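What follows is one structure encoded as structure tokens, with my remarks underneath.
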Amino acid sequence: MALLTDDECQADVVVLGTGLTESIVAAAVARSGRRVLHLDAAETYGGAGRSLPLREYIAWAGDARDARMPGDGVQAGGDLRSLPRHGWQRLWEPFAPRRTPETAEMPEETREQTEVPEGQRAFALSPERTECYAERSFEWDPFQQMNGIRRKKNELLRNPSAFSLDLSPRLLYGRSEHVDVLIESGVARYLEFQGLKFTRVLTSEGLISVPLTKSEIFQDAHLSKAEKRMLMRFITSIQPYVSSLAFQSAAQLGVDQAAKIKGPSDQSALGMELDGSWRAFLQQQNLSERLQDFITYSICLWDWAPTEAFPQLSCREALERLGAFISSLGLYGRGTSMPLLFPMYGIGEVSQGYTRLCAVHRGVYALRTRATHLLAQEEEDGTMQLSGLVTCRGEQIKASRLVAACGELLQDQVPSQSSSQHCRRMTVLLSSPPLGEEGVSLCVVPPQSLDPPLQNVVQVLQLDFSSGACPHGYFLAHLSQASISDPGPLPFADLDRVLEELLKRSPKTACIFRCRYLQRPRDVATRWDVSTRTGGFMERCLHEERLAVVSDPPAVPQLLAVQEVHDARRIFGSFFGAESAFLPKPQHVAEEEMSGSLEELEHFNQQMQAQEAQEAQEPPVASLVQEDAEQ
Amino acid sequence: MHGRVKKDVVEPTAEEKAKQREQVRTARSLFAKLLDLRQSQTYNDQALEMTFKALQFHPEFPTLWGYRRELLTRTEKPLEELLKMEMKLVEKALRRSQKVYSIWFHRKWAIERLFQEVEGDEAKAQSLLNTELELCNQLLEVDERNFHCWNHRMYVMDLMRTKGKHDPNQMDLNAIDLTLSTDLINKNFSNYSAWHLRTLLQQPVAGEEPRIKLNLEEELEWVQQGIYTEPNDQSVWLYHQWLTLGSTSPEIIHCAVLQGELYMFFSQACRLTSTSLNGSSGRFEAILPRRRSTARVRSWAVGWRFVTDDRIVQKTVEVEVAVESCGTGILKQSQCTFKGQPIDLDSDTPSTATFEHQLPLEQSEILKAELARIEELLEIEPDCRWALLARMRLQLACSIPEETTLEDFERMSSLDPLRANFYADSKANAVLHRRSYDWSLEGWQHPLNLANLGLKHLAPTAAALIFGVRILKLDENALKDFGPLLGLASLIELSVSRNQIRGDVAEVFALKRLQRIDLSWNFLSVGIRGSPPQTLREIDMSGNPNILDLADALDLLMVDPASWKLQVEAGQCLACRQ
């Protein structure tokens, strides 16, 4: 039973998976006037970077019992489920004509025999679907400290869509390629962001706020005067590479000619080897140990402790990160000193923003639709060319290009490499803010802060009601730690210790649930076995730039969305050439931006002319004021 | 807001330009109409409304605001309502452009009127002022260094202070000021106005107690946090300077007796309001007036002479004076007393009494602590010119350094070449201090050599220290006028050759004990006939381009030219009394 019409089955590009990168590509292709068909096997948008309501989250994390609900099997949008069963069923029916349980449960075999059109060949894809998240576990009341956990649980489950839980929480730099694309493409209009309120470092002396601007350094109570000077000096000496108004004094802004800073023309003036170690460079700058930690972990947001097994931060990389951070300072929001933005309702919302743009430009969307076969046309010279695919419902889709998320095409389970980079994640729901203050904020825990030291630095992202991720009065903490070695028997030990340390500070804080998992992005290079028939075909398509595979959300950096736009741009460029415009500004946005300031004047102009026309009569002055106040 | 251009620099497209032109054309016709109406002195409600529109469109138009004021004063409608509307209009204009003088002026005008209108109605007046304060706070949020806004706020606060003087329920205005200053400084300490507000709060005004007493050590610690954070920011150093050296009131440095006349010297320029000597009232005359004070206004001075016909014969004197002084824009009143033996300037025994004026112990402790902190900073930031300058100022306040220890001034001017002259002047002043001190060890009869220091002027406070000098050499400096030199009544020989002094030769006849004077190579002229003191024997006027014929000059200058004769030597031309 087909869901898509024949017309909808004709596309220029088919995109499989609705993760962030895939969605950006889809939007870019649709925006350039080409037909896009965007499919996802899952029930929800977002792919590996999705944000889930509570029930789905619990189901995903493995505790299926709690996720069960009346009328299981038919999973509608969140709000309908809060209605009594007969109520939502009646409501649901008119909305669901295109999908019936039969299609979902139709056995795969029937479609194996789908006849292949003349001159085409089908390459079967594995029906198994895997995710990059492993060792998931979910517990209510993990510390057995709550009395009314059952009541609380029911209360929370009654309104599960008050939650929007990120599997792979991400933040954006205020000034970054991604934000530029969001604004330029107009997608930013669909979205809301919360600026991070503060950043803290958990040290042995407690939670210390990291001063980021001149004003914060001035007010800081922890740093000594000499440390303040060294920090400011470091920042100003680094300034020629990463400029920001936030740190500059009037003299250095160019008001005072004599004191105008003449930036060194090359990095050698800083005494810096670009490929050298950042740690060593910081030591040279006479920065104290804790300032080094502050800069490396909480400003550069570096994920690795200086252990031999871990990647080392080079000066080049550090300068880039520092630049991204400092140039974003003070851009958005008053009172938010952090230059990072959290997308409201999670990163899944951002990919949905792009899908919306794609849909506006005639992109067609179908969820719960899996590709079972790839189709290939035999060319005259005997080679096989990608010509389309077959869906799980048997629809034959014609398209010459395909973008797919790693998980959608995965054919053979690639054995997980124990040495690959991965991220240990833990998400907890708490009754009070773990970082002491409300607001979306970040905390880093350098390894030496706890005794014995942690294996690696831990990042804690605190979310509250204002981020749209959890209900009022609750606080989410996403703890994460990058790792490279074998997880061992207790992969989450460090995260647990950090959580314990944070909870120690407010003994009344209750932990309502805890979810732990490993994020293990698959190696894109070994995604399939090229010796198989399908694998060989896909490898060739990849080579001919007819197929593009999107990797899983990276494990490192743990909390930053930096790679996606870059990847999307690369894929788009490989399909249509680097010169074709990538998500240009929509006409209506450009027009609106142009008018804005002139609107008022125009309005006044009309008023003036109207007034001249009826100069004899004049309205009483008081009413004019009234009018004015209303405007 | 500072260091940023006022308008965005996006070039409008041709279409936009055409559109704008159209709009401007319409607006201009309105403006022209309004100017005509004003010319014909038309005052009606329609005009009022038209100005309303026009000013909404373009608030930077002082004439229209003026016309509006005229209209408002001539209207017969109830003024209160109109003025309230006025406040709304001005507020709107202010939100658009906060740096236009005419808008702020109009707002002040409107408040003055409205304040009169609501007189007697306490609640209304209070709410008016509160709204005003709130507006200022909002605008300071946008631009914390907008001086228009600061001035306006100051005006509003003054109104509130006067109004609430006898009101027990008055809000604590000083606390409001203090909080604002603290908040803004925390937000961005590069804010001269906010620091200035702090100094105002801590100063006694017109004889009253200071509005707020802050812990000096805490303030110093706080400002040091700012200094360490950004040592290249002038605003923090200004407050630091005020805390350490700025808040002093005038004191009597010393008293001296010269030929039976009593002289009194202060640490800074002040005005005497009442004086008494040994219990009976008397009058003092200014002899070392403040720089730039004209002959007419000589009431501000550093040095004063007691006016009396009798010679002072007492060994000890007791002087009591009430003085006014001016510091950071505020008039301060204080009492000064001197009891003891004045310095005898007629004797030949050396005396360093004029240099023995000591800082209060407490203050000198503070200065030493601050010096240590600045030394620490200079170890990290050896090139910070503000720190170098502050160190130098503190050192000079604590002691009289040797000439050889003054090379910091050269360092500062190489770091900050735009202000090289300032450093040169400061250095010259420091050297002058040192030379004067060395000279005072030798005794009054020895010549004081201040030649070739590059002095541009002689500070009255410096002149006070060398009062009593008999032979003074100031050759080859860059003096522009006689200035306080004319107050040094003890001078017998003066040499100011090769300076840039402009003025009349007859001015020096004010020095009544003068015997020889060298005025050569200056820019002096002769015009006023004066009577030289009887003691004057020799006057050298050669090399002044305005005095071409010395014989004529003598005729013009002297009451009795016959008793003078010219002595022409090689390249020099002296006039000597026969």
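Below are the figures for this structure:
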read-out: The protein assembly as shown, helix-only ellipticity at 222 nm - DSSP H runs n ≥ 4, -39,500 (n - 2.57), divided by all residues, nearest 500; value: -11500 deg cm²/dmol
read-out: Residue-averaged beta-carbon neighbours from other chains (10 angstrom radius) around B:376-382; value: 2
read-out: For region B:44-77 versus region B:191-268, the gap between their alpha-carbon centres in whole angstrom; value: 46
read-out: For chain B, the longest site-free run once GluC sites (Glu not before Pro) in DSSP loop states with at most 13 other Cβ atoms within 10 Å are removed; value: B:408-578
read-out: Spin-label pair residue A:486/residue B:187, simplified geometry with 7 Å Cα→Cβ offset, distance in nm; value: 5.9
read-out: For the protein assembly as shown, share of DSSP beta bridges that run antiparallel, in % to the nearest 5; value: 75
read-out: Links that overshoot a 20 Å alpha carbon limit, given the list B:427/B:456; B:92/B:163; B:124/B:163; B:332/B:480; value: B:92/B:163; B:332/B:480
read-out: Length released on extending from residue A:177 to residue A:309, taking residue separation times 0.36 nm less the Cα-Cα span; value: 44.4 nm
read-out: Burial ordering of B:229, B:63, fewest other beta-carbon atoms within 10 Å first; value: B:63, B:229
read-out: Rounded to the nearest 20 debye, dipole of region B:14-171 from Cβ charges on Lys, Arg, Asp, Glu; value: 640
read-out: Potential lengthening between residue B:572 and residue B:537 on full extension [0.36 nm per residue; Cα-Cα distance subtracted]; value: 11.0 nm
read-out: Among B:409, B:421, B:363 the positive-end extreme of the charge dipole of region B:361-427 (Cβ point charges); value: B:421
read-out: Unit charges on C-beta of K, R, D, E only; dipole of the protein assembly as shown, Debye; value: 1620
read-out: Furthest towards positive pole of dipole, B:149, B:258, B:67, structure part chain B, Cβ charges; value: B:67
read-out: Sum of side-chain charges, residue B:118 neighbourhood, beta-carbon under 13 Å (Lys, Arg +1; Asp, Glu -1); value: -4
read-out: Extension gain, residue B:523 back to residue B:213 (0.36 nm per residue minus Cα-Cα distance, nm); value: 106.4 nm
read-out: Selected from B:494, A:15, B:202, residue furthest toward positive end of dipole (the protein assembly as shown; charges at beta carbon); value: B:494
read-out: Region A:15-29 and region A:360-399: distance between their alpha carbon centers, rounded to Å; value: 16
read-out: Neighbour net charge for residue A:567 - beta-carbon separation under 12 angstrom, K R +1, D E -1; value: -2
read-out: Residue B:248 paired with residue A:289, simple spin-label distance in nm, labels 7 Å along Cα-to-beta-carbon; value: 4.7
read-out: For A:138, A:576, A:342, order by how many other beta-carbon atoms lie within 10 Å, fewest first; value: A:576, A:138, A:342
read-out: Contact order relative to length of region B:361-427, as percent, for alpha carbon pairs under 8 angstrom and 6 or more apart; value: 26
read-out: Cα-centre dipole for region B:252-346 with unit charges at Cβ (Lys and Arg positive, Asp and Glu negative), debye to 20; value: 520
read-out: Surrounding net charge for residue B:545, when Lys and Arg each add one and Asp and Glu each subtract one, Cβ distance under 14 Å; value: +1
read-out: Alpha carbon centroid spacing (whole Å) that separates region A:419-463 from region A:183-217; value: 15
read-out: Selection of trypsin sites (Lys or Arg not before Pro), region A:345-449, meeting DSSP coil and at most 14 other Cβ within 10 Å; value: A:362
read-out: Restraint check, B:33/B:53; A:197/A:508; B:99/B:187; B:84/B:108, Cα-Cα greater than 18 Å; value: A:197/A:508; B:99/B:187
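The numbers here are math on the coordinates, done by the rules we state, and not lab data. A quick note: this is a predicted structure, and the numbers were derived from the prediction, not measured. In this analysis, Cβ positions are derived from the backbone assuming ideal geometry, glycine residues included, and neighbour counts consider all displayed protein chains.
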